[in-house]
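In what follows, a structure is listed as structure tokens, so that the remarks can point back to it.
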Amino acid sequence: GVWTDLGGVVDPPPVDARKLATATAYSRTGRGERLGIARPISGTPWYVVFEFSLPRVLRPAEQFLHRALIVGLVVLVLGLLGVWLLTRRITGRLTQLTAAAETISVADATPTPPRPAGDELDRLGTAFGRMRQRVHDTHQELEARVEELRATREQFAHTQRMEAVGRL
């Protein structure tokens with residue numbers, strides 16, 4: 001029942017030393033919040049109790065958590081900025097591809113300049129540009145053929161009229 005700090009007699013901890021097998025927080029009158037742990041001395045009925053000020057033990061952990069929180073927020077903000085820039089770059093190109101597809105669907109006659117090959121979106125954009133150009137060229141070719149057929153039909157009709165006049 002006698003407790004010492006090796007310099008004199010002291011009050012025992014407010015918790016039974018046998019229950020201090022793991023680090024336990026408790027309050028000590030006049031000394032505030034404490035963190036204690038006890039280990040038995042083998043071959044004796046005695047215990048060695050290690051006791052520390054709880055705020056002093058927790059301060060480095062709190063400081064680490066604050067720094068980790070700040071670093072985490074900075075990493076999160078940088079990550080969100082990177083995602084925003086990447087999606088902006090991709091959606092800008094997808095908007096251009098959508099515009100190209102829409103111009104193909106309305107048969108716009110203005111040719112799209114070819115883009116240099118790069119990543120998949122650039123290659124897709126170049127493919128859309130080529131498709132658009134081919135549709136435009138085919139459309140012009142068909143118009144020329146229709147015009148040629150009209151002229152041939154008119155010429156045939158004129159020839160038939162002349163033949164009818166000749167028979168008369």
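The values are calculated or read from the model by the stated rules, or taken from the named source; none is laboratory data. These numbers were taken from a predicted model, which means no experiment stands behind them. Backbone-built Cβ (ideal geometry, glycine too); neighbour counts: all protein chains shown. The accessibility values were calculated without ligands, DNA or RNA, using every heavy atom of the protein model including side chains. Shrake-Rupley method; radii C 1.70, N 1.55, O 1.52, S 1.80 Å.
The residues of the stretch 28-106 expose, per residue, 79 Å² of accessible area to a 1.4 Å probe.
Note on LEU85 and ARG56: the model spin-label points, each 7 Å out from Cα along the C-beta direction, lie 4.8 nm apart.
Surface calculation, 1.4 Å probe, protein heavy atoms: THR126 sits at approximately 20 Å² accessible.
Accessible surface for GLU51 stands near 50 Å², nearest 10, in the context of the full protein assembly shown (1.4 Å probe).
Relative to the first principal axis of the alpha-carbon coordinates of the chain, what is the inclination of helix 54-105, with its axis defined by its Cα atoms, in degrees from 0 to 90 and to the nearest 10? With both axes taken from Cα atoms, the answer is about 0 degrees.
When the chain is treated as a GNM with alpha-carbon contacts under 10 Å, the residue of ALA21, ALA127, ALA157 showing the greatest mean-square fluctuation is ALA157. Helical runs assigned H by DSSP (4 residues or longer) give the chain a calculated mean residue ellipticity at 222 nm of -22500 deg cm²/dmol, each run adding -39500 (n - 2.57) before division by the residue total.
Please identify, among ARG67, ARG59, ARG150, the residue showing maximal mean-square fluctuation in a Gaussian network model of the chain using a 10 angstrom Cα cutoff. Residue with maximal mean-square fluctuation among ARG67, ARG59, ARG150: ARG150.
What FRET efficiency comes out for SER27 versus LEU73 if R0 is 41 angstrom and r is the Cβ-Cβ distance? Round to the nearest 0.05. Once the sixth-power term is evaluated, E becomes 0.75.
Largest to smallest in accessible area, the residues VAL57, VAL83 fall in the order VAL83, VAL57 (1.4 Å probe, all protein chains included). Specify the angular offset, from 0 to 90 degrees and rounded to the nearest 10, of the alpha carbon long axis of helix 120-167 from the longest principal axis of the alpha carbons in the chain. Compared with the principal axis, the helix lies near 10 degrees. Does the chain come out rounded, prolate or oblate by the C-alpha gyration tensor, with a ≥ b ≥ c the root eigenvalues, rounded set by a/c under 1.5 and, if not, prolate when a/b is larger than b/c and oblate if not? Prolate shape, in that a/c is at least 1.5 and a/b is the bigger ratio.
Can you work out the FRET efficiency for the pair THR159 and HIS139, with r the C-beta to C-beta distance and R0 = 25 Å, to the nearest 0.05? Don't skip to the answer; put the middle values down first.
Working: r = 30 Å, r/R0 = 1.22.
E(calc), rounded to 0.05, equals 0.25.
From the Cα gyration tensor of the stretch 1-56, with a ≥ b ≥ c the square roots of its eigenvalues, which class applies: rounded if a/c is under 1.5, or else prolate if a/b is larger than b/c, or else oblate? Oblate is the answer for the stretch 1-56, as a/c is 1.5 or above yet b/c matches or exceeds a/b. Counting 0.36 nm for each residue step from ASP5 to THR44 and taking away their Cα separation leaves a gain of 12.3 nm.
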